[in-house]
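Reviewing the structure listed below.
A short reminder: the numbers here are calculations on the coordinates, not readings from a lab. Just so you know, these numbers come straight off a predicted model, no measurement behind them. In this analysis, Cβ positions are derived from the backbone assuming ideal geometry, glycine residues included, and neighbour counts consider all displayed protein chains.
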Amino acid sequence: MKIGFSSDLVNLNYHAPNRNRYESVYYWEELYTLISAAGFKYLEMGYNPKWDFGRSGIPLVNRSIELVYGGFENYLKLLHESGIEGITSVSFDPNMFCGGNTDMYFGAVGFLAPQAIAYAKSSGAEVFTMTATPSYYSVKKCCPEGESFEKFEEEFLDKTASLIEELAKKAEEAGVKMCIRNDYWTLLRGNKIVDFVKNLNAKVYIDADTANLKAAGVCPEAFIKDNLENIGLVHFSDTDFVDDQEAYLQPLPEFPAKRSTKVFKDMGRGTVDFVKIYEILKDGGYDGNIICNARNSYDQCRSLLRARRYLQTKLGQ
Amino acid sequence: MSNIRLAHLAHFKTIPYKQINNFRDFYYEEKTNDTYFLDWDHILKYHKATGYDGIELLPWDLNEILGLFGTPEAYVDFCQERGIVVSGMFHGCDDSHIAEKHDEIFEAGKQAVDTLKKLGGKHLNTCPASNYSEIGPLSEEGLKNVAKVITDIGRYAVDNGIQVCLHNEFFCAVNKYNHRQFLEMTDPRYVFYCLDTAQIKLMGDDVLNFYDTYADRITTFHLKDTASMGESDAVRFGQDPQHYKDVEITRDGHRWFWEPGEGVVDMEGLWKLLKKHHFQGWVSIEDDQTPDLLAAMALASYEVNEVLGKIYR
């Protein structure tokens, strides 16, 4: 069981002071050494085609790796020299492609997700994990006026199943295990993902993200225990958020509008019981990886060290 | 009333909250200044407090803005309650050199004009073509295609009370050797110019001469400084191994752009020319690459009002 850290530690979406650094190569190259110094030797990279457009300092697309390093061989060499032993997983969130038109969404994801799979293959990652659907808000925007959303949602999920089956084939060809994740604002939030995965005509695993399960009102310990054989990746993310305002339906569900809060907290700052989850994973013979998350971190070094402190003192890692 | 109205080109990326109702509690969660940069209410107040009347938007932020506010009109009302109006919006015309793309690019331009009209803005500041490193050098035919579609969008814009203003980048395919020629290929009745002072300096043109020559076309500014005196063709064209293809963001964190007064652009000389030509309109402070947008907004406002304002305001 390898324990790595996710690149979503670097919050590229919001301009708090000093964010300008995140687009340059020097920032990332130092960050690898700091991640390693905090005791994490493996990375998950969040593939995001947004950075294809002139932002090759951000190493989250194939183009960046080609332009800056001349290919993955040199990039992985640099990671090794920085104390990072490997990239274990690549994640992909398709929400940004859902702007009100279903055909455009499925077309874009069908085109771009394979690029993320290629990134996974080239980087030697074991897992490709994709957020299974866009947010409720984004999908509702696609629903034609006057049409029942329940029916539309059902059709959208059918198309999603076909898309994921296609991608699973591509992942298999690339030698990468395919997982899907269910952020709490997606159509497969909470336990809904379980039957969806079972009904797919392809072997696709669940990426169990502890904070997202909890925010959807599901006990992460019970979920992981009940579905262990279908879980291909575990994200250790923390939260104390209780969604009493239907934030999962809002336009920016990570930022609940009625009472602002930082939904995703650094490890140990929320209420997720990682000790119990770790025991369940060990006792159940889980042979996948764990990726620690500090999504929307306000301070990368503090987030890394908080996670390491928690792992050391509570899990003996 | 001042001749110069100060706007700020908002490089805040996504602003995820409309208004934080539990600000103190939210602050106490992490006790950092991040809380101060997450909602429109605070950010618009920073604009007004530092001397700005306008905000210029970036099109890639519109999806979230409309998600939060519902309609452009609701966003405009929210801004106006805090003393701010929308001055303009940025727009890009990638692939405009390809004749077959004309209709697609024209439609996207029309949509941008329609959106800006709803937002109450005036200037659609438009980068005319893709980066030089992607499509350069442009042929005469390619340049004509760009001019044709920009003029067509400009005509539609003028009919709707909007000005399409060319906005050049020092790494754009319309560059040092053809940007004046290109400006003259567009119809002056429909196509105007947003002079980005740092971009023109980096391109290696003379900012003062450029303004003096085209003052009738230049109806707005992106005001920023640079410490570079005109970069080589290799750098601007994305052919320098030290800077590689994506010139705008450097590998080592070197900044092309600085706050007005922190670089080498002759701001006082420019202001004397603004006075000479009786410029009236929006000047947008653009502070891309700053580590601190609020500090940059305040510094730029001081420079414009307290230093340059002695020459012309």
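Within the range B:269-276, identify whether any single residue is under 30 Å from residue A:66 (Cβ atoms) and surrounded by fewer than 20 Cβ atoms within 10 Å (Cβ to Cβ), and answer yes or no. Looking for residues that are under 30 Å from residue A:66 (Cβ atoms) and surrounded by fewer than 20 Cβ atoms within 10 Å (Cβ to Cβ), one finds none in the range B:269-276, hence no. Looking at B:66, B:124, B:62, B:58, just one residue is surrounded by fewer than 23 Cβ atoms within 10 Å (Cβ to Cβ) and touching a His at 6+ places or on another chain (Cβ under 8 Å), and that residue is B:58. For the subset of the range B:237-249 comprising residues that are touching a residue at least 24 places away in the same chain (Cβ under 8 Å) and surrounded by fewer than 20 Cβ atoms within 10 Å (Cβ to Cβ), which member is farthest from the other protein chains (Cβ to nearest Cβ)? If we take residues in the range B:237-249 being touching a residue at least 24 places away in the same chain (Cβ under 8 Å) and surrounded by fewer than 20 Cβ atoms within 10 Å (Cβ to Cβ), then B:239 is farthest from the other protein chains (Cβ to nearest Cβ). The set of residues in the range A:126-185 being of a type in the set (Ser, Thr, Tyr) and free of Cβ contacts under 8 Å to residues at least 24 places away in the same chain consists of A:148, A:162. Taken over the range A:219-270, the residue count meeting the criterion of being among the aliphatic types (A, V, I, L, M) and crowded, with 19+ Cβ neighbours inside 10 Å is 9. For the range B:180-188, the condition of being crowded, with 18+ Cβ neighbours inside 10 Å, within 19 Å of the chain's Cα centre (by Cα) and of a type in the set (Val, Ile, Thr) holds for none of the residues. Total residues in the range B:33-55 satisfying the condition of being farther than 19 Å from residue A:13 by Cα and surrounded by 21 or more Cβ atoms within 10 Å (Cβ to Cβ): the figure is 4. Among the residues here, residue A:112 qualifies as buried (at least 17 other Cβ atoms within 10 Å of the Cβ), closer than 30 Å to residue A:80 by Cα, among the aliphatic types (A, V, I, L, M) and in contact (Cβ under 8 Å) with a residue 60 or more places away in the chain. Only one of the numbered conditions (1) aromatic (Phe, Trp, Tyr); (2) under 30 Å from residue B:33 (Cβ atoms); (3) not in a loop (DSSP other than H, G, I, E, B) is violated by residue A:241, and that is (3). Annotation: of all residues in the range B:22-32 being surrounded by fewer than 16 Cβ atoms within 10 Å (Cβ to Cβ) and more than 7 Å from chain A (Cβ to nearest Cβ), the one that is farthest from residue A:256 (Cα to Cα) is B:31. Annotation: residue A:297 fulfils all but one of (1) away from every other protein chain (no Cβ under 14 Å); (2) outside any helix (DSSP H, G or I); (3) under 23 Å from residue A:43 (Cβ atoms); the unmet one is (1). Just give me the residues in the range A:225-262 being of a type in the set (A, V, I, L, M) and more than 17 Å from the chain's Cα centre (by Cα), in sequence order. Once the filter is applied, which keeps residues that are of a type in the set (A, V, I, L, M) and more than 17 Å from the chain's Cα centre (by Cα), the range A:225-262 yields A:228, A:242, A:247, A:249, A:257. Of the helices (runs of 4 or more DSSP H) that lie entirely inside the range A:1-104, those containing 3 or more residues that are under 20 Å from residue A:301 (Cα atoms) and within 13 Å of chain B (Cβ to nearest Cβ) span A:25-37. Restricting the range B:77-112 to residues that are hydrophobic (A, V, I, L, M, F, W, C) and more than 21 Å from residue B:286 (Cα to Cα) leaves a set whose member that is surrounded by the most Cβ atoms within 10 Å (Cβ to Cβ) is B:105. Within the range B:255-297, the residues that satisfy the criterion of being closer than 25 Å to residue B:58 by Cβ, more than 13 Å from every other protein chain (Cβ to nearest Cβ) and in a helix (DSSP H, G or I) are B:267, B:270.
Suppose we filter B:198, B:234, B:215 for residues that are among the aliphatic types (A, V, I, L, M), away from chain A (no Cβ under 14 Å) and farther than 24 Å from residue B:124 by Cβ; which single one remains?
Answer to the check: B:234.
Table: residues versus (1) surrounded by 23 or more Cβ atoms within 10 Å (Cβ to Cβ); (2) not aliphatic (A, V, I, L, M).
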residue	(1), (2)
A:146	no, yes
A:156	no, yes
A:167	yes, no
A:172	no, yes
A:189	yes, yes
A:194	no, no
A:198	no, yes
A:202	no, no
A:213	yes, no
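Take residue A:120 and tell me if it is part of a loop (DSSP other than H, G, I, E, B), touching a Ser or Thr at 6+ places or on another chain (Cβ under 9 Å) and closer than 16 Å to residue A:45 by Cβ. Judged against the criteria, residue A:120 is not a match.
Against the conditions (1) within 14 Å of chain A (Cβ to nearest Cβ); (2) of a type in the set (D, E, K, R); (3) surrounded by 16 or more Cβ atoms within 10 Å (Cβ to Cβ); (4) free of Cβ contacts under 8 Å to residues at least 40 places away in the same chain, residue B:252 satisfies every one except (3). A residue that is among the charged types (D, E, K, R), away from chain B (no Cβ under 14 Å), free of Cβ contacts under 8 Å to residues at least 12 places away in the same chain and out of contact with any helix residue (DSSP H, G or I) (no Cβ under 8 Å at 6 or more places or on another chain) occurs somewhere in the range A:236-256.
Considering the range B:110-135 alone, what residues qualify as being outside any helix (DSSP H, G or I), more than 14 Å from chain A (Cβ to nearest Cβ) and of a type outside the set (A, V, I, L, M, F, W, C)? Within the range B:110-135, B:120, B:121, B:122, B:123, B:125, B:126, B:128 meet the criteria.
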